[in-house]
Amino acid sequence: MLNLTIDIIISIIAASIVMLVHELSKYYFSLSMLHPIYRKRKDLKVNLLKYIDPVGLILFVFTSVGWQKPGEYNPIQFKDKEKGFFFLMLVGMAANILLILALIPIFMNLYGTTRTVVGSYGITFVFRLIQYSFALIIVNLLPVPPLDMAKMIYSINPNFYFKMIQNERIIHAVFILLIAFNILNAFVMSLFTPIQQFLI
């Protein structure tokens, strides 16, 4: 029971960190893209909890696949209204990729040398960070509003995006079914398996 409780706590912390890395990187990058008129109105301090999606967090803990609560951005305020919004959506995924690359050598070092109980929890924590970062990237590549890919589509083809929004309920229903029948989790884990085999 104690091990299960600790594992859930580790998963909650890891999932929260992964969400924050994804969204905070976008937020602070967006500040550099704002037109000077709007930049002064932005606060460097942010409410971290607004990026933690409760449902996404629960799914991370119990299925290893979840999502963050996307921040709201107005491309009209950007210096480059067309390209700025597109690249902003890439920043969150790029931040998760960098986190994975930074954590892989740490995990391999811990996995090969740690023999204590505390060390095993450390290994689990780092592994969860890698696993959840990968899952978050894949989920955000799905054209599901309001996740990153949907916003990238908006920046490329607004008309197609608005057609998507008209069918948003259907898209969300399909997305929920993919989760409910474990299809999304199986797909993400099949992509993650080569990384897992490389690590262990």
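The values are calculated or read from the model by the stated rules, or taken from the named source; none is laboratory data. The structure presented is a predicted model; accordingly, all values stated were derived computationally and were not measured. Note that each Cβ is placed from the backbone with ideal geometry, even for glycine, and that neighbours are counted across all protein chains shown.
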From the options Ile137, Ile97, Ile165, residue that is more than 20 Å from Val55 (Cβ to Cβ), of a type in the set (A, V, I, L, M) and in contact (Cβ under 8 Å) with a residue 24 or more places away in the chain: Ile97
Matching residues in the stretch 155-200 - criterion: being assigned to a loop (DSSP other than H, G, I, E, B) and surrounded by 12 or more Cβ atoms within 10 Å (Cβ to Cβ): Asn157, Asn167, Asn182
Any hit, the stretch 122-129, residues being closer than 16 Å to Lys26 by Cα, touching a residue at least 60 places away in the same chain (Cβ under 8 Å), among the hydrophobic types (A, V, I, L, M, F, W, C) and part of a helix (DSSP H, G or I): no
Trp67, sole failed condition from (1) surrounded by 15 or more Cβ atoms within 10 Å (Cβ to Cβ); (2) more than 20 Å from Phe125 (Cα to Cα); (3) at pLDDT 95 or above: (2)
Residue within the stretch 84-92 that is modelled with pLDDT under 95, within 21 Å of the chain's Cα centre (by Cα) and not hydrophobic (A, V, I, L, M, F, W, C) present: yes
Given (1) touching a Leu at 6+ places or on another chain (Cβ under 6 Å); (2) at pLDDT below 95; (3) not in a helix (DSSP H, G or I), index of the condition Ser30 fails: (3)
Checking Met152 against (1) assigned to a helix (DSSP H, G or I); (2) over 22 Å from Phe86 (Cβ atoms), the condition it does not meet: (2)
Number of positions in the stretch 123-149 that are out of contact with any Leu (no Cβ under 6 Å at 6 or more places or on another chain) and under 20 Å from Thr5 (Cα atoms): 6
Candidate set: the stretch 7-39, residues that are among the small types (Gly, Ala, Ser) and in contact (Cβ under 8 Å) with a residue 12 or more places away in the chain; chosen: the one farthest from Thr63 (Cα to Cα): Ser30
Qualifying residue in the stretch 76-91 (condition: within 24 Å of Ala186 (Cβ to Cβ) and out of contact with any Leu (no Cβ under 6 Å at 6 or more places or on another chain)): no
